[in-house]
Amino acid sequence: ELTYLAISDIYSRMTVMEKDYLENYLVNYVGSLRALQLWFHSAHILAKGTGFAGDHVHLYGEIYNELSEQIDTAIEKAVGITDNEVMACPRTITYKALEALMDYPVPTNATALKIALSALALVKSYLAYVEHMFAELDEADELSLGLNDFLAQSANTFEGYAYLLQQRVKQEMDG
């Protein structure tokens, strides 16, 4: 007869190294989502030029708002999987977000095209990070079914953002 083991029971049996591995990925992941949210919020506020209304509301605004929802789910999932409340620590998340943001240009005092190009670079970088994280956690047998689904959904959403931003950049470069 099969018995049900609570996730916390399974998690408590993991070695410290396994816990650290998963927690490290998840806290960096949450930080990367916060970085994207902060960046796209700024892009939303600083949209300009002939595409202002579309960029402000339908591009950067929608991405920013959807990221707020993704962060909430990611934090809840990270705390739920690890039973570690540090995953929701504002200082930790903000620090991780700052680390991620340091590698990219800010939308401040940038042209509309530069904002769109930077946004596209951020989205492509995020997709590469998620693919790498997914592969690493899967190989380490640390990828729960729910986390698998969440990361796949996030990648799907961000591939849509990449399409929108690619089209935005093409229009700007062609015009």
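Charge tally for residue 160 (other residues, Cβ to Cβ under 11 Å; Lys, Arg +1; Asp, Glu -1): -3. For the chain, what is the calculated [θ] at 222 nm in deg cm²/dmol (nearest 500), taking -39500 (n - 2.57) for each run of four or more DSSP H residues and dividing by its residue count? The helix contribution divided over the chain gives -26000 deg cm²/dmol.
With a cut-off of 11 Å on the backbone N, the residues of the range 128-146 near the modelled label site 7 Å out from residue 103 along Cα-Cβ are 128-130.
Within the range 43-175, the proportion of C-alpha pairs whose separation exceeds 22 Å stands at 43%.
The string of couplings for the range 56-69 from the Karplus curve (6.51, -1.76, 1.60, θ = phi - 60°) is 4, 8, 8, 10, 5, x, 5, 4, 4, 5, 5, 5, 4, 5 Hz, one whole number per residue in order, with x for Gly and Pro.
Treating r as the C-beta distance of residue 21 and residue 157 and R0 as 30 Å, the FRET efficiency rounds to 0.70.
Rolling a 1.4 Å probe over the protein heavy atoms gives the chain an accessible area of 57 Å² per residue. Loop-located trypsin sites (Lys or Arg not before Pro) across the range 20-78 with a Cβ neighbour count of 16 or fewer within 10 Å are 48, with loop assigned by DSSP.
Compared with the dominant principal axis of the Cα atoms in the chain, helix 16-46 is inclined by about 20°.
For the chain, the number of Lys pairs with C-alpha atoms closer than 17 Å, counting only pairs eight or more positions apart or on separate chains, is 6.
Ordered by packing density, taken as the mean number of other Cβ atoms within 10 Å over each peptide's residues, highest first, how do 109-116, 78-85, 40-47 rank?
Details: 109-116: 17.8, 78-85: 16.2, 40-47: 20.0.
With the highest mean Cβ count within 10 Å placed first, the list reads 40-47, 109-116, 78-85.
Using every pair of separate Cα atoms, the Kirkwood estimate puts the hydrodynamic radius of the range 42-82 at 11.3 angstrom.
The values are calculated or read from the model by the stated rules, or taken from the named source; none is laboratory data. Computed from a prediction, not measured in an experiment: that's the story for all the values here. Cβ: placed from backbone, ideal geometry, glycine included. Neighbour counts: every protein chain shown. Note: accessible area is taken over every heavy atom of the protein model, side chains too, but ligands, DNA and RNA are not part of it. Shrake-Rupley method; radii C 1.70, N 1.55, O 1.52, S 1.80 Å.
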